[in-house]
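Q: This is the structure I have questions about; it appears just below.
Any read-out appearing in this document is the output of simple, stated calculations on the displayed coordinates, not a laboratory observation. A quick note: this is a predicted structure, and the numbers were derived from the prediction, not measured. Virtual Cβ from ideal backbone geometry, glycine too; neighbours counted across all protein chains shown.
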Amino acid sequence: MKETAKIPVAAVVGPTASGKSRLAVEIALRKNGEVVSADSMQIYKGMAVGTAKPTAEEMCGVPHHLIDFMDLSQPFSVADYVALASERIAELDAKGRLPVIAGGTGLYVHSLLHNIQFTENDKDETLRSELAHRAEQEGVAPLVEELRQFDPESAARIHPNNIPRVIRAIEIYRTTGITMTEQLKRSREIPSPYNACIIGLDFRNRQTLYGRINRRVDLMMENGLLKEAQEVLNRPGSQTALQAIGYKELLPYFHGECSLDDAVEKIKQESRRYAKRQLTWFRRDEDINWIFIDDYSDLNEVTEAAVRLLEKEVAK
């Protein structure tokens, strides 16, 4: 596929509370675009406060896609995301609109923009349940060791706390005889259909980011996170919600095991740690154009810098 035939796409990535949603909206307003979310938790209904879904006011009339459409009890994979996001991007391009990807789920963004291919013949629900039971009974260490025997690259690449990913790597090998590492290699052989400009947001002063995270958590509490968490954790599929920061940290408070102040401080702490992990992930991508927010005086200047990058890399 020739470069000129590729679909132009803007993407805004970075750690939590860095201002991705605001910048994505500003870019969309200036470049005739619509936002396609790349957040693995904002897809779920009923979790607006805890996942910081943009409000109608914050959207400024810009259409947003792949937000608030799944029930907690329904499974949703990165392959599902790539399929849906690809459809939305094609639809927007056909309308002459610029797709603006916005979100902090690195695996979603990477898999979409690098055209990672997923197959349907590497799934085994029975095996997956069996491995999950083993992890629950024995811990994840034996599974990581098993993975290391046939796919040392994946064993080294996947964080041991990411139990679903460890299980997935074993499942792929057991069902296909091909390692996850080899599958990823093969999946990259088909060129991406996108001409993407990826903009990463960060702060030179890490404490500035942490301050924004702390303020966001306080605002979430003011906006009803406690009530939302109680409702979400009582719904079917609440195990999914426990993957999102801001819900599981309140469980000890609901069980009378800690004070509300302690629970809120835990949310802040886990959010800061999550931001570190996000930055570690995104910094591995050499295609990201980094913008340091504290180099600019206001959002308008940040937006102008982003638009200049976009116009330089993507003809639109």
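Q: Pairs to check: Lys123/Lys227; Lys53/Lys248; Lys45/Lys312; Lys20/Lys227; Lys20/Lys312; Lys31/Lys123. Give those whose C-alpha atoms are more than 30 Å from each other in this structure.
A: Correct reply: Lys123/Lys227; Lys45/Lys312; Lys31/Lys123.
Q: Please report Rg (one decimal) and Dmax (integer) in Å for the Cα set of the chain.
A: 20.1, 61
Q: Would you please classify the overall shape of region 1-90 from the alpha carbon gyration tensor, given that a ≥ b ≥ c denote the square roots of the eigenvalues, rounded means a/c under 1.5, and beyond that prolate means a/b larger than b/c while oblate covers the rest? Let's see the in-between values first.
A: Numbers: a/c = 1.98, a/b = 1.20, b/c = 1.65.
Oblate, because a/c is 1.5 or more while a/b does not exceed b/c.
Q: Right, another one. What is the order of Ile178, Ile27, fewest Cβ neighbours within 10 Å to most? Before the final figure, lay out the partial values.
A: Values: Ile178 15, Ile27 24.
Sorted ascending by nearby Cβ count, the order is Ile178, Ile27.
Q: Then there is this: Go ahead and set up a Gaussian network model of the chain, Cα springs under 10 Å, then flag whichever of Thr126, Thr55, Thr208 fluctuates most.
A: Between Thr126, Thr55, Thr208, it is Thr126 that shows the largest mean-square fluctuation.
Q: While we're on this one: Whole-Hz ³J(HN,Hα) for each residue in region 126-136, computed from phi via Karplus 6.51 cos²θ - 1.76 cosθ + 1.60 with θ = phi - 60°, x for glycine and proline: what do you get?
A: 5, 4, 4, 5, 5, 5, 5, 5, 4, 4, 5
Q: Using a cut-off of 11 Å between beta-carbons, work out the net charge of the residues near His64 (Lys and Arg +1, Asp and Glu -1, His64 not included).
A: -2
Q: What residues qualify as long-range amide H neighbours of Trp290, i.e. H under 5 Å apart, gap of 5 or more or another chain, H built at 1.01 Å from N?
A: Those qualifying (amide H under 5 Å, at least 5 residues apart or on another chain) are Gly200.
Q: Something else now. What's the whole-number percent of alpha carbon pairs in region 48-178 lying beyond 26 angstrom?
A: Working: 3115 of 8515 pairs.
Pairs farther apart than 26 Å: 37 percent.
Q: Let me ask something additional. 5 Å is the cut-off here: which amide hydrogens, built 1.01 Å from N in the peptide plane, fall below it relative to Glu34, excluding neighbours closer than 5 in sequence?
A: Placed amide hydrogens put Leu98, Val100 under 5 Å from Glu34.
Q: Now, a different point. So what's the net charge close to Asn162: Lys and Arg +1, Asp and Glu -1, counting the other residues with Cβ under 12 Å from its Cβ? Walk me through the numbers on the way to the answer.
A: Working: positive: Arg157, Arg165, Arg168, Arg277; negative: none.
Residues near Asn162 contribute +4 overall.
Q: Now for a separate question. Looking at the square roots a ≥ b ≥ c of the eigenvalues of the Cα gyration tensor of region 204-245, which shape do they give, rounded for a/c under 1.5, prolate if a/b is larger than b/c, or oblate?
A: Details: a/c = 6.86, a/b = 2.03, b/c = 3.37.
The shape class here is oblate.
Q: Given a Förster distance of 35 Å, report the FRET efficiency between Glu301 and Leu251 from their Cβ-Cβ distance, rounded to the nearest 0.05.
A: Details: r = 42 Å, r/R0 = 1.19.
Rounded to the nearest 0.05, the efficiency is 0.25.
Q: Find out how many positive minus negative residues lie around Ala229, taking Lys and Arg as positive, Asp and Glu as negative, among other residues whose Cβ is under 12 Å from that of Ala229. Could you put the intermediate results ahead of the total?
A: Details: positive: Lys227, Arg235, Lys248; negative: Glu228, Glu231, Glu249.
Around Ala229, the charge tally is 0.
Q: Just for the chain, what percent of DSSP beta bridges are antiparallel, to the closest 5? Working shown, then result.
A: Values: 0 of 23 bridges.
Roughly 0 percent of the beta bridges in the chain run antiparallel, per DSSP.
Q: Follow-up. So what's the back-of-envelope 222 nm ellipticity for the chain, counting only DSSP H runs of four-plus at -39500 (n - 2.57) apiece and dividing by all residues, rounded to 500? Spell out each step's value before the answer.
A: Values: 15 runs with 165 residues, N = 316.
Rounded to the nearest 500, it is -16000 deg cm²/dmol.
Q: Next up: Quick one: which residues, 5 or more positions from Met70 or on another chain, have an amide H under 5 Å from its amide H? H modelled 1.01 Å from N in the peptide plane, none for Pro or chain starts.
A: Residues meeting the amide H criterion: Tyr44, Lys45.
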